[in-house]
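Below is one structure, written out as structure tokens, with a few remarks after it.
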Amino acid sequence: MKTPTITTRVSRELGMAINHGIYQPGTRLPGERLLAERLHVSRSTIRMALQDLERQGRVARSPQRGWFVPSPTVGEPPSTLESFTEMARQRGHTPTAEVLEKSVRSATLDEANRLGIAPGTEVLELVRLRGMNSTPICVDRNVLPLAIAQALVDLDLTDASLYETLQTQCSVSIFRSAYSVQAETPTAEQATLLRIPQGSPVLVGREIAYDRAGAPVLLGLNTYRGDAYRFHADLYRAE
């Protein structure tokens with residue numbers, strides 16, 4: 001068995017410190033001199049360990065800020081529909097979901113119109129705080145017709161993919177999504193949940209998801225941290 005080099009050992013220790021939240025996403029790391037003193041190694045070893053973590057995407061450097069832990073980001077590839085869970089996993093992150101609210105109520109007139117159901121029809125409303133690697137990324141609010149989502153009422157949806165659960169528990173597959181994104185100012189509650197200063201910009205995605213037959217099955221209102229979401233699209237000029 002090969003003995004790890006000093007640089008490999010230091011790289012692992014710094015990586016574990018990031019995993020355990022000692023160095024939070026979006027924050028600056030201590031200077032190289034201070035890190036070298038704390039870990040009892042040379043500054044050149046610290047620099048090589050940081051460069052190794054940089055190649056892994058675990059840290060980044062800036063001429064103004066020095067070394068820092070980047071905030072995780074999500075975003076669908078152009079013209080591809082992915083769930084939050086799929087986006088996080090494909091980028092090597094651990095997706096999380098904390099259930100904030102789950103209730104059955106009557107659909108509003110606007111919801112009924114967009115879902116193609118009669119006004120007053122019962123719907124399931126689900127609000128969750130979505131995160132990656134314990135970092136809050138999005139406040140996710142979904143509304144589904146109860147006729148479709150009955151199996152979800154008593155199901156624990158903590159850390160679950162809603163798209164996957166709909167398919168396995170309700171035999172409903174999301175095929176297409178009409179999605180729009182707009183920059184907004186978060187409410188005080190949203191800012192607290194996302195751990196951002198009040199007044200920081202958020203990106204709000206509004207979604208109507210359809211099954212393969214073209215029937216609307218889900219309304220989504222997704223409030224993302226402005227530094228954690230990128231929206232991609234393929235655009236074509238009209239002939």
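Things to note:
- The alpha carbon centroids of the range 140-196 and the range 1-69 are separated by 36 Å.
- Shape of the range 111-239, Cα gyration tensor, a/c cut at 1.5: oblate
- Extension gain for the segment GLU13 to ALA118, taken as residue separation times 0.36 nm less the Cα-Cα distance, is 32.0 nm to one decimal.
- Length gained on full extension, GLN56 to ARG206, computed as 0.36 nm times the residue gap minus the Cα-Cα distance: 50.7 nm.
- Pair GLN24, GLU101: separation of 7 Å Cα→Cβ label points (nm): 2.6 nm
- Anisotropy class of the range 21-61 from Cα gyration tensor, a/c 1.5 cut: oblate
- ARG38-SER134 FRET efficiency (beta carbon distance; Förster radius 30 Å; 0.05 resolution): 0.85
- Å² per residue, accessible surface of the range 128-239 at 1.4 Å: 54 Å²
- Long-range HN-HN contacts of ARG176 with modeled amide H, under 5 Å: TYR210
- With 0.36 nm allotted per residue and the present C-alpha distance subtracted, the THR94-THR168 stretch has 24.5 nm of extension available.
- 3J(HN,Hα) from dihedral phi, the range 14-23, Karplus parametrisation 6.51/-1.76/1.60, rounded to Hz, x for glycine, proline: 5, x, 5, 4, 5, 4, 8, x, 5, 10
- Surface composition of the range 94-166: carbon plus sulfur atoms hold 50% of the accessible area, using a 1.4 angstrom probe and ignoring ligands, DNA and RNA.
The values are calculated or read from the model by the stated rules, or taken from the named source; none is laboratory data. No experiment lies behind these values; they were computed from the predicted model shown. Heads up, the Cβs are rebuilt from the backbone with ideal geometry, glycines too, and the neighbour counts pull from every protein chain shown. Just so you know, the surface numbers come from the protein's heavy atoms only, side chains and all, with ligands and any DNA or RNA stripped out. Shrake-Rupley method; radii C 1.70, N 1.55, O 1.52, S 1.80 Å.
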